[in-house]
1. Over the chain, what percent of the accessible surface lies on carbon and sulfur atoms, probe 1.4 Å?
2. If amide H atoms are built 1.01 Å from N in the plane of the peptide, which residues on other chains or at least 5 residues away come under 5 Å of the amide H of residue 214?
3. Can you give me the accessible area per residue for the chain, using a 1.4 Å probe, in Å²?
4. May I ask you to evaluate 6.51 cos²θ - 1.76 cosθ + 1.60, the Karplus curve with θ = phi - 60°, for each residue of the range 50-58 and list the ³J(HN,Hα) values in order in whole Hz, giving x for glycine and proline?
5. Not counting the cut sites, what is the longest span of the chain without GluC sites (Glu not before Pro) that DSSP labels loop and that have at most 11 other Cβ atoms within 10 Å?
6. Using modelled backbone amide H atoms (1.01 Å from N, in-plane), which distant-in-sequence or interchain residues come within less than 5 Å of residue 145's amide H?
7. What are the residues whose amide H is under 5 Å from the amide H of residue 81, where those residues sit 5 or more places off or on another chain and H is modelled from the backbone?
8. Got a sec to turn the phi values of the range 115-131 into Karplus ³J(HN,Hα) couplings, 6.51 cos²θ - 1.76 cosθ + 1.60 with θ = phi - 60°, whole Hz, x for Gly and Pro?
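The values are calculated or read from the model by the stated rules, or taken from the named source; none is laboratory data. Note that the structure is predicted; figures quoted are calculated from it, not measured. So basically every Cβ, Gly included, is an ideal-geometry build from the backbone, and we count neighbours across all protein chains shown. Accessible surface is based on the protein model in full, side chains and every heavy atom, while ligands, DNA and RNA are left aside. Shrake-Rupley method; radii C 1.70, N 1.55, O 1.52, S 1.80 Å.
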Amino acid sequence: MRDRLQKLADRAIGRPPIVYSARNSPQAVALTFDDGPSQWTAPVAAALERHGCLGTFFMRGAAVEGHPEVAAAVAAAGHDIGNHLWTHSDPDGQSINELADEIDRTATAISEATGVETTMVRPPYCGAPRAVARAAHGGRTRMVVLRSVDPADWDTSSADEIVERVLAAIAPGAIVCMHDGIPEGSSGSPTRGPTVEAVERLVPELRRRGLEPVTVSRLLA
């Protein structure tokens with residue numbers, strides 16, 4: 001009851017909603033990727049495109065600043081672009097003002113690199129979503145997008161494990177969170193090559209199960 005009242009209160013004052021999956025459970029899922037752009041972003045995007053589908057890339061501002069041409073190419077191909085803040089700091093340890101600054105800086109970097117005005121935010125670690133929604137209030141953000149499937153691809157070197165974890169948890173309307181970059185200080189796998197391989201294998205298998213991979217904006221439309 002408390003969560004429902006909080007959602008109603010957020011809606012009444014115009015805060016962006018916090019989304020984990022598609023409520024109407026369509027026969028579709030969204031494959032999303034955090035922490036890029038990086039050297040693995042183009043291969044992930046190409047893997048999706050080879051199968052005739054698009055994904056959603058939540059980009060870090062600092063990474064966009066370092067790889068603006070990659071961000072631009074992903075946007076030009078029609079993939080969704082989301083805001084993954086600037087530093088990849090834990091939102092639970094940041095103030096509302098610090099979060100707002102990171103959201104705004106990243107939105108500006110994405111806009112300058114791609115021409116896209118981002119309307120979706122995903123906080124690092126999917127942390128402190130209500131604080132992030134408060135920080136985004138009054139800006140361009142229309143939703144805070146979290147996840148319903150987390151295969152922890154950042155912490156494995158096995159594409160088999162990634163595929164198995166996704167398929168074990170997948171359901172209509174799911175939002176799957178994977179990674180196409182490695183933020184500074186990450187203690188996980190030193191490569192996102194397994195994620196690229198996993199995407200190549202996941203798309204045909206998802207379709208075999210009657211689930212079409214789409215962008216978050218289409219999934220939630």
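1. 48 percent
2. Under 5 Å from the amide H of residue 214 lie the amide H atoms of 29, 30, 31, each far enough along the sequence or on another chain.
3. Heavy-atom accessible area per residue stands at 45 Å².
4. 4, 9, x, 9, 10, x, 10, 10, 8
5. 1-116
6. 19, 121, 122
7. Counting only residues 5 or more places away or on other chains, the set is 57.
8. x, 9, 8, 5, 10, 10, 10, 10, x, x, 6, 6, x, 6, x, 5, 5
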